[in-house]
Amino acid sequence: MTGSIYNFSAGPAVLPKEVLQQAAAEMLDWHGSGMSVMEMSHRGAEYMSIIAAAQSDLRELLAVPANYKILFMQGGAIAENAIVPMNLAGLKPQPATADYINTGSWSTKSLKEAAKYLNVNVAASSEADKFATIPARAGWKLSKDAAYVHICTNETIDGIEYQFVPEVGADTNGAPLVADMSSQILSRVIDVSQYGVIYGGAQKNIGPAGLTIVIVREDLLGHALPCCPSAFNWKTVADNDSMFNTPPTYAIYIAGLVFQWLKRQGGVAAMEQRNIAKAALLYDYLDSSDFYVNRINKDNRSRMNVPFFLHDETLNSAFLAEARERGLLQLKGHKSVGGMRASIYNAMPVEGVQALVKFMQEFAAKNS
Ligand SMILES: *Cc1c(COP(=O)(O)O)cnc(C)c1O
């Protein structure tokens, strides 16, 4: 393909071009080591410097407090759906209960998996509302003695996002808030200390698939159920500096390059401003159009994943084919939702969103 290419995939997703160029340049010989990063012992001095820098850069970007561990794991957020209850159920006498807020496809998956390990209380759900809203905090029916409260801060498939951090402390006797941030992490400023655990797969906003990031408060380590595999026990992983098993070394290296790129961009606060502007550009156009529609409650719209529909769905395949010709890739909506979805993560430049809106305007004009 020639010309500018903009990749709107929901994940694995676009990476900064600069990062890919650097990785290409370093592919055969990393910093004069004579080796590709893929070929290095994870315990050698070269690789130890790579993983240490990745970890400290992430700590700096998110201002992770000293009493939190950053873990590099595998299995993605879907594995964490089981790893979370296996690690936290032991905070309470068995059988423990955990509260889940169901806001879409990913929360539904999380709570179904968790039910294998503890009692799940669905404290609030927007399912009846076709997952077009985040249920207001006031209506949540939290348990008195939950091991934790689980949310998904950005529903990648449905396109809804929390624009507030739910305070759960008082109602739940201080149960920690656990967040699946797969598609939100590093896109906006967060206060890590409001969470007990933050986790996410890397392939949305960080790097290649195969790496899972877990940020966990230290007092939540050491409460795993006996059934928890050692490689999934956060305490074991933390005690071994994410090297209990061989970590996904190359994925961590790329994530580290992305963290350095983020720092060069001005960090998370600067990214957040750009993400607000990008999302506004697209939503403002959608709202002004009678050719396209986004059905998510305005206050809960995702800045990262923007699902939209053509009113005339018989034009869907023409829309996708013409978008592709323009270098606008992977706009097809998730199969469970249909329509289109534009994912506009950190690595999507504003020019990509401008090109998409311009194409959408022209397509609408031609087909109205
Ligand atoms: C992509 C995604 C997942 C699944 O991640 P895997 O790496 O496939 O396990 C879970 N939750 C959210 C919010 C996601 O965006």
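The values are calculated or read from the model by the stated rules, or taken from the named source; none is laboratory data. All of these numbers come straight from a predicted model, not from anything done at the bench. Cβ atoms come from the backbone with ideal geometry, glycine included; neighbour counts cover every protein chain shown. Surface areas here come from the heavy atoms of the whole protein model, side chains and all, with no ligands, DNA or RNA. Shrake-Rupley method; radii C 1.70, N 1.55, O 1.52, S 1.80 Å.
Go through region 31-52 and give me each residue that's open to solvent by 30 Å² or more (accessible area, probe 1.4 Å) and among the hydrophobic types (A, V, I, L, M, F, W, C).
Scanning region 31-52 gives 35, 38, 45, 48, 52.
What number goes with the only condition from (1) within 16 Å of the ligand (Cβ to nearest atom); (2) open to solvent by 30 Å² or more (accessible area, probe 1.4 Å) that residue 287 does not pass?
The failed condition is (1).
The rows are residues; the columns are (1) closer than 21 Å to residue 160 by Cβ; (2) in contact with a Gly (Cβ under 8 Å, 6 or more places away or on another chain).
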residue: 185; (1), (2): yes, yes
residue: 189; (1), (2): yes, no
residue: 193; (1), (2): no, no
residue: 199; (1), (2): yes, no
residue: 202; (1), (2): no, yes
residue: 205; (1), (2): yes, no
residue: 213; (1), (2): no, yes
residue: 217; (1), (2): no, yes
residue: 220; (1), (2): no, yes
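In the list 130, 144, 112, which residue meets the criterion of being out of contact with any strand residue (DSSP E or B) (no Cβ under 6 Å at 6 or more places or on another chain), of a type outside the set (S, T, N, Q) and within 16 Å of the ligand (Cβ to nearest atom)?
Working: 130 fails: within 16 Å of the ligand (Cβ to nearest atom); 144 fails: within 16 Å of the ligand (Cβ to nearest atom).
Checking each option against the conditions leaves just 112.
Restricting region 193-221 to residues that are open to solvent by 50 Å² or more (accessible area, probe 1.4 Å) and more than 9 Å from the ligand (Cβ to nearest atom), which is farthest from the chain's Cα centre (by Cα)?
Here the residue is 219.
May I ask you to verify whether residue 120 is of a type in the set (Val, Ile, Thr), open to solvent by 20 Å² or more (accessible area, probe 1.4 Å) and either within 16 Å of the ligand (Cβ to nearest atom) or touching an Asp or Glu at 6+ places or on another chain (Cβ under 9 Å) (or both)? Explain how you work it out, then say what you get.
Details: of a type in the set (Val, Ile, Thr): yes; open to solvent by 20 Å² or more (accessible area, probe 1.4 Å): yes; either within 16 Å of the ligand (Cβ to nearest atom) or touching an Asp or Glu at 6+ places or on another chain (Cβ under 9 Å) (or both): yes.
So residue 120 passes the test.
Residues that are in contact with a strand residue (DSSP E or B) (Cβ under 8 Å, 6 or more places away or on another chain) and assigned by TED's automatic domain parsing to the domain that holds residue 126: find the helices (runs of 4 or more DSSP H) completely inside region 232-310 holding 3 or more of those.
Helices (runs of 4 or more DSSP H) meeting the threshold: 234-239.
Return yes or no: is residue 176 surrounded by fewer than 24 Cβ atoms within 10 Å (Cβ to Cβ), under 18 Å from the mean Cα position of the chain (by Cα) and either within 16 Å of the ligand (Cβ to nearest atom) or within 16 Å of residue 68 (Cα to Cα) (or both)?
Judged against the criteria, residue 176 is not a match.
Go through (1) part of a strand (DSSP E or B); (2) touching a His at 6+ places or on another chain (Cβ under 9 Å); (3) among the charged types (D, E, K, R); (4) within 30 Å of residue 248 (Cα to Cα) for residue 69 and report which single condition fails.
It is condition (2) that residue 69 fails.
Looking only at residues in region 73-106 that are among the hydroxyl-bearing types (Ser, Thr, Tyr) and open to solvent by 10 Å² or more (accessible area, probe 1.4 Å), which one is nearest to the ligand (Cβ to nearest atom)?
Restricting to residues being among the hydroxyl-bearing types (Ser, Thr, Tyr) and open to solvent by 10 Å² or more (accessible area, probe 1.4 Å), the top hit is 105.
Among the numbered conditions (1) touching a Leu at 6+ places or on another chain (Cβ under 6 Å); (2) part of a helix (DSSP H, G or I), tell me where residue 98 comes up short.
With respect to (1) touching a Leu at 6+ places or on another chain (Cβ under 6 Å); (2) part of a helix (DSSP H, G or I), residue 98 is out only on (2).
Looking at 145, 129 in this structure, which one is among the acidic types (Asp, Glu), closer than 29 Å to residue 11 by Cα and at pLDDT below 95? Quick ask: steps written out before the conclusion?
On the way: 145 fails: closer than 29 Å to residue 11 by Cα.
Matching residue, one of 145, 129: 129.
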